[in-house]
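Enquirer: Dumping the structure here so I can ask a few things about it.
The values are calculated or read from the model by the stated rules, or taken from the named source; none is laboratory data. These numbers were taken from a predicted model, which means no experiment stands behind them. Using ideal geometry, Cβ is built from the backbone for each residue, glycine included, and neighbour counts are taken over all protein chains shown. Protein only, heavy atoms only, side chains kept; ligands, DNA and RNA dropped before computing areas. Shrake-Rupley method; radii C 1.70, N 1.55, O 1.52, S 1.80 Å.
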Amino acid sequence: MLNHITTKDLHPAIGTEVFGHSIARHLNPEHIHTVKQAWLSHPVLLFRDQDISDAEHIQFAQHFGRMERHPSISHRASNHPEIYRVSNVDEAGHILPQESNEWLYINLSWRWHTDSSFRHIPSKGSILHGIEVTSPGGETLFANMCLAYEALDEKLKSRIAGLTVTHSHDHILSLSDELYSRQHRGEYTPLPPVIHPLVRMHPETGKYSLFLSPHTMTGIVQLPGQQGMALLDELIAHATQDRFVYCHQWRQHDVVMWDNRCTMHAVTPFDNQTQRRIMHRTTIVGDEAPIAAC
Ligand code: OGA
Ligand code: MN
């Protein structure tokens, strides 16, 4: 029990279910405050059985900050551009062809990543509503990046202290030879590369975490290319061990709300030509650029 709401941890490291809370109904300041407090100590919250409209989803999300619009224009919902459609099904209800720009892009963003790491001010948090869900496959993995940082040995902690990493949205596209080779790779709001600390301090909890987002990271500023990428690969392998990761098996109308300032996530493969998966996401604008841990 956590101030009026009952919770249960889903994994020792990360993932907490909240019971008896309708995110469409419980919108008064007291409830929102309670959810905020729960979220700061439990960076991945699950609310089950939330049969909400996109408008209700957005209304809930706006209590936590302004809404981001995703740079991929074709993945925004046409009625609600604040909704990012994480789906293998188009708005007309058809499964996206395997070779379409839209599927190739979404498929890439299912590698380990942190939402909006390609922005100068990355997103604070994301809220994802499972509308059509898959099984087996299509699970979402969440890693606790504070615990991953804390578990590093002191030698590695001092080796990475003060390092910064270049992140670029274009790098996502380059991960698919097929998509990258096309003249028209889809429509994206252009974004210049940005530099973020490798170890960041959470602005509200003060905790340190590894800030990794493999699909946007192109190198460590202070190290030669290969050496930087090898160090990042070592940190990714460390942070994605089972002991830091919760695997969420979706049920229809689950809503998961995660803190992008201290987590990373990925999606497990599923048969995208026979199974339909429709997830709607709102993304909360961050309050400030990531703060380097010192
Ligand atoms: C996202 C994402 C997770 C999922 O919405 O940010 O990466 O389970 N998708 O589809
Ligand atoms: Mn994501």
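Enquirer: What number of residues within the stretch 254-289 satisfy the criterion of being open to solvent by less than 30 Å² (accessible area, probe 1.4 Å), away from ligand 2 (no atom under 13 Å from the Cβ) and small (Gly, Ala, Ser)?
Expert: 1
Enquirer: Then there's this: Taking interchain pairs and intrachain pairs at least six residues apart, which have beta carbon atoms under 7 angstrom, with the first residue in the stretch 98-115 and over 15 Å from Tyr84 (Cα atoms) and of a type outside the set (Phe, Trp, Tyr) and the second open to solvent by 20 Å² or more (accessible area, probe 1.4 Å) and outside any loop (DSSP other than H, G, I, E, B)?
Expert: Leu104/Glu178
Enquirer: Here's something else I'd like to know. Report, by residue number, each residue of the stretch 25-81 that is of a type in the set (Gly, Ala, Ser) and assigned to a strand (DSSP E or B).
Expert: Hit for the stretch 25-81 is Ser72, nothing else.
Enquirer: Also: Report yes if Thr216 is modelled with pLDDT of 95 or more, over 30 Å from His253 (Cβ atoms), among the hydroxyl-bearing types (Ser, Thr, Tyr) and within 16 Å of ligand 2 (Cβ to nearest atom), otherwise no.
Expert: Against the criterion (modelled with pLDDT of 95 or more, over 30 Å from His253 (Cβ atoms), among the hydroxyl-bearing types (Ser, Thr, Tyr) and within 16 Å of ligand 2 (Cβ to nearest atom)), Thr216 qualifies.
Enquirer: Quickly run through the stretch 137-148 and pick out the residues that are open to solvent by less than 30 Å² (accessible area, probe 1.4 Å) and part of a helix (DSSP H, G or I).
Expert: Of everything in the stretch 137-148, those that are open to solvent by less than 30 Å² (accessible area, probe 1.4 Å) and part of a helix (DSSP H, G or I) turn out to be Met145, Cys146, Ala148.
Enquirer: Taking Ser109 and the conditions (1) modelled with pLDDT under 90; (2) farther than 21 Å from His4 by Cα; (3) surrounded by fewer than 16 Cβ atoms within 10 Å (Cβ to Cβ), which numbered condition does it fall short on, given that it satisfies the others?
Expert: Result: Ser109 passes all but (3).
Enquirer: In the stretch 82-100, which residues are on the phi < 0 side of the Ramachandran plot, assigned to a loop (DSSP other than H, G, I, E, B) and of a type in the set (Gly, Ala, Ser)?
Expert: Ala92, Ser100
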